[in-house]
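Undergrad: Just dropping this structure here.
The values are calculated or read from the model by the stated rules, or taken from the named source; none is laboratory data. None of the values given here were measured: they were computed from a predicted structure. Methodologically, a virtual Cβ is constructed for each residue, glycine included, from the backbone with ideal geometry; neighbour enumeration extends over all protein chains shown. What goes into the accessible areas is simple: the full protein's heavy atoms, side chains included, and nothing from ligands, DNA or RNA. Shrake-Rupley method; radii C 1.70, N 1.55, O 1.52, S 1.80 Å.
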Amino acid sequence: MKRRALAVSVLLSGLLLVHTHVALAQETRRATLTIRAGEPGPQISRHLYGHFAEHLGRCIYDGLWVGPGSKIPNTRGIRNDVVQALRKIKIPNLRWPGGCFADQYHWQDGVGAAEKRPRRVNIHWGGVVEDNSFGTNEFLDFCEQIGADPYVAANVGSGSPQEMADWIEYMTFGGDSDLARLRQASGRRDPWKVPFLGIGNENWGCGGRMTHEYYSDLYRRFSVYARDWSGNRLERIAAGPGGTDLRWLDVLAERVKEGVQGISMHYYTLGNTWKDKLPATGFPEKDWYAVLRDALKIDGLLTDAEKIMEKHDPGGRVGLYVDEWGTWYSAAPGTNPAFLNQQNTIRDAVVAGATFNIFHRHARRVKMANIAQLVNVLQALILTEGDKIVLTPTYHVFDMYQVHHDATFLPVDVATDNSVLGPDSLPAVSAAASRDAQGLLHLSLVNLDPKVAATVEARIEGPALRSVSGRVLTAPAMDAHNTFAAPDRVQPAAFTGASLQGPVLKVALPPRSVVVLALSS
Ligand code: AHR
């Protein structure tokens, strides 16, 4: 009797389950877009697709530097597989050596014969010994190999203006000074071009725990000694606020009016608190919502930051550089927590796509952004293990979004359903459009819903378009990711879910997906 009751209840719940699945399969979110292709906006700087590599965990060592004696194929110590992957996505710039590490770094430690370089303790990241085998020449060689502009962060917290000035001279001076001779003795005859110089990093925190006013005044002093030599033109970037402390920005922008081309801002997506970080994989659906909701907050933060900058710099001369952004979860099980190593899932790809769509809308003031970090740390593009590498879902978004580099922003009005989970809700669809130098229109769409598909109907104003093609990145589970055993589980595929009917584009977006379309006449 008992057994029969159980069987009936299993049957009933089975039916219920089937029914729910059918309902879910039919459910779809809707979004209506107007792409105002006849109203071009600012250029979307390719530097919004910039990167960051710090002496932290396995980012530099193992991640991109194995040393010239390694069995792992390398060119002058730099991994060939990493160079090849990064060249493919045309990374525009690379920020180095930190992060917090920048304000403890003394550049002279990392030049000259490798075996004579001092061994120092990396005070911020696990107290490991830094042997300085990757220094200035190696970094600038790496930038040349991948074709990226160097963005060097100078030490303000424990350094001096003289030390910074010497570094700039070592790298960029073409005349016959002692520092230029030192560079030449290290094997580099011609000066490098170094277009970006950060003056400090998070100086309200790990960069010296300074007050707003003190750092602003120090910046004025340091920037005087940051000189342009031999045709090199530095963009000088002041260390701006982290998170939501916009008073730091207000004081800085008010006090620093000369010798500054940019002010940075950092924003990390946690979905929870710094003390209690969320897991990168194996998470419940509510974590998906928490992380995406947190990621989208950068939109309002940029709007507030822009208002402050507009007040002090109405012409928009000084750029806002989001030179650290990305997801930050608890460290991968079994790894050193100070190394900030985490897996990267389709959720991170959705965060990246939605974040880029936001950056585009702020392209008038936001001139650069650098995801944290390049390899093996936080929202990494690449993971390495011995001689193997894995390209993460985030890497694939950078690949797909290349079409927006230096393209012209086209405004998109979006009316979208929300994705809802209990008290949580998110706009289901995010969109951004641009026109490239060849006249191609590109539309990037993100379905933020972890479970439900979306249909998008877009009316395109401006010249008639006739053909559409594209690529999609999606995955069967919310936390799907690539591993060394299965490196291709999440990767872009040709997209067939878009059709054009006159000026109307219809797109069927799978759940948890990023789609980039090319439209031509
Ligand atoms: O990216 C990791 C750390 O986050 C950086 O070193 C620091 O600038 C920020 O707090």
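Undergrad: Being assigned to a strand (DSSP E or B), touching a Leu at 6+ places or on another chain (Cβ under 8 Å), open to solvent by 30 Å² or more (accessible area, probe 1.4 Å) and not hydroxyl-bearing (Ser, Thr, Tyr): is that true of residue 505 here?
TA: no
Undergrad: Sticking with this one: Could you grab the pairs with beta carbons closer than 7 Å, sequence gap of 6+ or different chains, first residue in the stretch 21-38 and under 23 Å from residue 463 (Cα atoms) and outside the structural domain of residue 448 (by TED's automatic domain parsing), second one modelled with pLDDT under 90 and basic (Lys, Arg)?
TA: Here the result reads none, with nothing in the stretch 21-38 linked to a residue that is modelled with pLDDT under 90 and basic (Lys, Arg).
Undergrad: Continuing with the same structure: With 371, 298 as the choices, which residue is closer than 26 Å to residue 125 by Cα and either in contact (Cβ under 8 Å) with a residue 60 or more places away in the chain or not assigned by TED's automatic domain parsing to the domain that holds residue 198 (or both)? Give the steps one after another, and end with the answer.
TA: Details: 298 fails: closer than 26 Å to residue 125 by Cα.
The match here is 371.
Undergrad: Does residue 67 fit the bill of being open to solvent by less than 40 Å² (accessible area, probe 1.4 Å), farther than 30 Å from residue 503 by Cβ, at pLDDT below 90 and not in a strand (DSSP E or B)? Spell out the reasoning first.
TA: Values: open to solvent by less than 40 Å² (accessible area, probe 1.4 Å): yes; farther than 30 Å from residue 503 by Cβ: yes; at pLDDT below 90: no; not in a strand (DSSP E or B): yes.
Here the answer is no, as residue 67 does not meet what is asked.
Undergrad: Return yes when residue 254 is open to solvent by 30 Å² or more (accessible area, probe 1.4 Å), away from the ligand (no atom under 15 Å from the Cβ) and not in a helix (DSSP H, G or I) and no when it is not.
TA: So residue 254 does not fit the description; no.
Here's the yes/no breakdown for (1) touching a Ser or Thr at 6+ places or on another chain (Cβ under 9 Å); (2) part of a loop (DSSP other than H, G, I, E, B):
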| position | (1), (2) |
| --- | --- |
| 311 | no, no |
| 320 | yes, no |
| 331 | no, yes |
| 334 | no, yes |
| 342 | yes, yes |
| 354 | yes, no |
| 364 | no, yes |
| 368 | yes, no |
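Undergrad: Moving to a separate point now. For the stretch 413-430, name all the residues that are within 24 Å of the chain's Cα centre (by Cα) and open to solvent by less than 30 Å² (accessible area, probe 1.4 Å).
TA: Of everything in the stretch 413-430, those that are within 24 Å of the chain's Cα centre (by Cα) and open to solvent by less than 30 Å² (accessible area, probe 1.4 Å) turn out to be 426, 428, 429, 430.
Undergrad: Can you name the condition, by its number, that residue 166 falls short on among (1) over 20 Å from residue 262 (Cβ atoms); (2) within 16 Å of the ligand (Cβ to nearest atom)?
TA: Result: residue 166 fails condition (2) only.
Undergrad: Oh, and also: Out of all the residues in the stretch 191-222, which are out of contact with any helix residue (DSSP H, G or I) (no Cβ under 9 Å at 6 or more places or on another chain), farther than 12 Å from residue 157 by Cβ and not in a loop (DSSP other than H, G, I, E, B)?
TA: none
Residue-by-condition table, conditions (1) within 14 Å of the ligand (Cβ to nearest atom); (2) in contact with a strand residue (DSSP E or B) (Cβ under 6 Å, 6 or more places away or on another chain); (3) open to solvent by 20 Å² or more (accessible area, probe 1.4 Å); (4) outside the structural domain of residue 332 (by TED's automatic domain parsing):
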residue: 235; (1), (2), (3), (4): no, yes, yes, no
residue: 241; (1), (2), (3), (4): yes, yes, no, no
residue: 260; (1), (2), (3), (4): no, yes, no, no
residue: 269; (1), (2), (3), (4): yes, yes, no, no
residue: 274; (1), (2), (3), (4): yes, no, yes, no
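Undergrad: Ok, one more. Hey, could you check the stretch 402-427 for residues that are closer than 29 Å to residue 287 by Cβ and touching a helix residue (DSSP H, G or I) at 6+ places or on another chain (Cβ under 6 Å) and say which is modelled with the lowest pLDDT?
TA: For the stretch 402-427, the residue satisfying everything is 424.
Undergrad: Moving to a separate point now. Any residue in the stretch 189-214 that's among the acidic types (Asp, Glu): show its pairings with residues that are within 10 Å of the ligand (Cβ to nearest atom) at Cβ separation under 6 Å, as long as the two are six or more apart or on different chains.
TA: From the stretch 189-214, the pairs are 202/242.
Undergrad: Taking the stretch 44-70 as the region of interest, how many residues are among the acidic types (Asp, Glu) and within 16 Å of the ligand (Cβ to nearest atom)?
TA: Filtering the stretch 44-70 down to residues among the acidic types (Asp, Glu) leaves 54, 62.
Now restrict to residues that are within 16 Å of the ligand (Cβ to nearest atom): 54.
Qualifying residue count, the stretch 44-70: 1.
Undergrad: If you don't mind, another one. Pick out the one residue from 102, 85 that is away from the ligand (no atom under 16 Å from the Cβ), of a type outside the set (D, E, K, R) and surrounded by 18 or more Cβ atoms within 10 Å (Cβ to Cβ).
TA: Testing whether each residue is away from the ligand (no atom under 16 Å from the Cβ), of a type outside the set (D, E, K, R) and surrounded by 18 or more Cβ atoms within 10 Å (Cβ to Cβ) leaves just 85.
Undergrad: If you go through the stretch 111-130 one residue at a time, do you hit one that is within 16 Å of the ligand (Cβ to nearest atom), in contact with a Leu (Cβ under 8 Å, 6 or more places away or on another chain), in a loop (DSSP other than H, G, I, E, B) and open to solvent by 20 Å² or more (accessible area, probe 1.4 Å)?
TA: For the stretch 111-130, residues within 16 Å of the ligand (Cβ to nearest atom), in contact with a Leu (Cβ under 8 Å, 6 or more places away or on another chain), in a loop (DSSP other than H, G, I, E, B) and open to solvent by 20 Å² or more (accessible area, probe 1.4 Å): present.
Undergrad: Sort through 458, 475 and tell me the only one that's of a type in the set (Gly, Ala, Ser), surrounded by 21 or more Cβ atoms within 10 Å (Cβ to Cβ) and in a strand (DSSP E or B).
TA: 458
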